[in-house]
Amino acid sequence: MAMQTVPYIWMNGKIVKWENANIHILTHTLHYGAGVFEGIRCYNTACGPAVFRLKDHMKRLEDSAKLIGMKMPFSVAEMCKATKELIRKNKFKEGYIRPIAYYGYGKMGLGPKGAPTDVAIAIWPWGKYLGEDSVTKGVKCKISKWRRIDSRTVPTTAKVCGYYINSILASEDATASGCDEAILLNTQGNVAEGPGENIFIVKKGVLITPPLSAGILPGITRKSIMQIAKDNKIKVVEKNITPADLYKSDEAFFTGTAAEVTPISVIDGKKIGIGRRGPITEKLQTIFYDLIKGKEKKYLLWLDFV
Ligand code: PMP
């Protein structure tokens, strides 16, 4: 399926036509993976398009760059402004936003010094990441044979291009086994996250999620769901989760910009709770889907209206 396009992409401060947003084959990051990126969503609300936690995403991009020693040529404020300009220019209503900072063309060999740091922002329409049905029915998962990259090897809190080979291997392995998504354990054998999602379980009414020390990406949806849970008097605990805890959980779900809040119905052939979206998942998911549409006054500050 070909991707849906829009007329324009932002590259290094300029708006260029979608079909002209090209790079050289000797782009440094293409070879060695030292680039950082973000995934952000824009939602169509009654007050027009709004970007969910735009500044937090651009700040994480800056943090990711810092962790790999890359100097961002644009500030967080400039990146936010550019994103909103691009949305307006494309008359865009709703979809996905992909900022990326990478070492460009000019030098080969591992050391990036001598290669420019280039930055781009692309946007395109994108629906439910794990399928339209996934929101209520949930997804079937498999604990991957691939372990999540380890924080002693790379700074795991950064969102780095090259890291995603780990995610690709896990997802491909899961779909090849007839599952919708993978769950990765860390090298200690505890649950880490999905290939592009954080994970939560519910046990006896308590919401449990692995701590950042499990080597996960500090998800912005994760943080938002934890806040929503606390605001609704649902107890939240960050602690290590074993595969056995997962199998025995009452409910489980993924969070992420692409996946939003997606229930998990089955793991390794074992039904989780009732085998579809559970009541606490539904409650959190409903608030989340309302708030991104601008229908929850309390969380309006998380929306950046274009
Ligand atoms: N973990 C990984 C590995 C991811 O790629 C993502 C998506 N950025 C997430 C978790 C979820 O993060 P967020 O909620 O900020 O999209």
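Take every Cα pair under 8 Å whose residues are at least 6 apart in sequence, average their separation, divide by the length of the range 134-291, and the relative contact order is 27 percent.
Quick one: Cα centre-to-centre distance for the range 280-300 and the range 230-266, in angstrom? First find each Cα centre; the distance between them is then 17 Å.
Each 5 Å bin from zero up to the one holding the largest Cα-Cα distance in the range 137-241 carries the following percent of pairs: 2, 13, 22, 23, 20, 13, 6, 1. Springs join every pair of Cα atoms under 10 Å in this Gaussian network model of the chain, and among Tyr105, Tyr163, Tyr43 the largest mean-square fluctuation is at Tyr105. Every Cα-Cα pair of the chain was included, and the share exceeding 27 Å stands at 43 percent.
Remark: the range 189-198, residue by residue, has Karplus-estimated 3J(HN,Hα) of x, 8, 5, 9, 6, x, x, x, 8, 8 Hz, where x stands for each Gly or Pro and the curve is 6.51 cos²θ - 1.76 cosθ + 1.60 at θ = phi - 60°. Could you please state, rounded to a whole Å, how far the C-alpha centre of the range 1-33 is from the C-alpha centre of the range 171-198? The range 1-33 and the range 171-198 have Cα centres separated by 29 Å.
Arranged by the count of other C-beta atoms within 10 angstrom, fewest first, what order do Phe254, Phe74 take?
Phe74, Phe254
Backbone N atoms of the range 187-229 closer than 16 Å to the 7 Å Cα→Cβ label point of Leu67 belong to residues 187, 192-199, 210-223.
Work out, step by step, the length gained on full extension between Lys81 and Leu30: first 0.36 nm times the residue separation, then minus their alpha carbon distance; give nm to one decimal.
Here the answer is 15.7 nm.
Here the spin labels are modelled as points 7 Å beyond Cα on the Cα-Cβ line, and at Arg88 and Lys128 they lie 3.4 nm apart. Along the Cα-to-C-beta direction of Asn12, a point sits 7 Å from the Cα; which residues of the range 72-94 have their amide N less than 18 Å from that point? Answer for the range 72-94: 72-75, 79, 82.
Report, in deg cm²/dmol and to the nearest 500, the calculated mean residue ellipticity at 222 nm for the chain, where each DSSP H run with n ≥ 4 adds -39500 (n - 2.57) and the sum is divided by the residue count.
-7500 deg cm²/dmol
For Ala2 and Thr187, the difference between the fully extended length at 0.36 nm per residue and the C-alpha to C-alpha distance is 62.9 nm.
Taken over the alpha carbons of the range 30-137 as equal point scatterers, the Debye sum produces base-10 log I(q)/I(0) values at 0.25 Å⁻¹ of -1.32.
Taking other Cβ atoms within 10 Å as a rough exposure proxy, Val191, Val154 sort from fewest to most as Val154, Val191. Note that the range 1-83 carries a Kirkwood radius of 14.8 Å, evaluated over its alpha carbons pair by pair.
For the pair Lys298 and Lys59, label points projected 7 Å from Cα toward Cβ lie 2.1 nm apart. Residue order for Asp150, Asp304, fewest other beta carbons within 10 angstrom first, comes to Asp150, Asp304. Compared with the alpha-carbon gap, the fully stretched path from Lys204 to Gln227 is longer by 6.4 nm at 0.36 nm per residue.
Where a number appears in this text, it was derived from the coordinates with a stated rule and is not lab data. Remember, it's a predicted structure, so these values are computed and weren't measured experimentally. Reconstructed Cβ throughout: ideal geometry from the backbone, glycine too, with neighbour counts over all protein chains shown.
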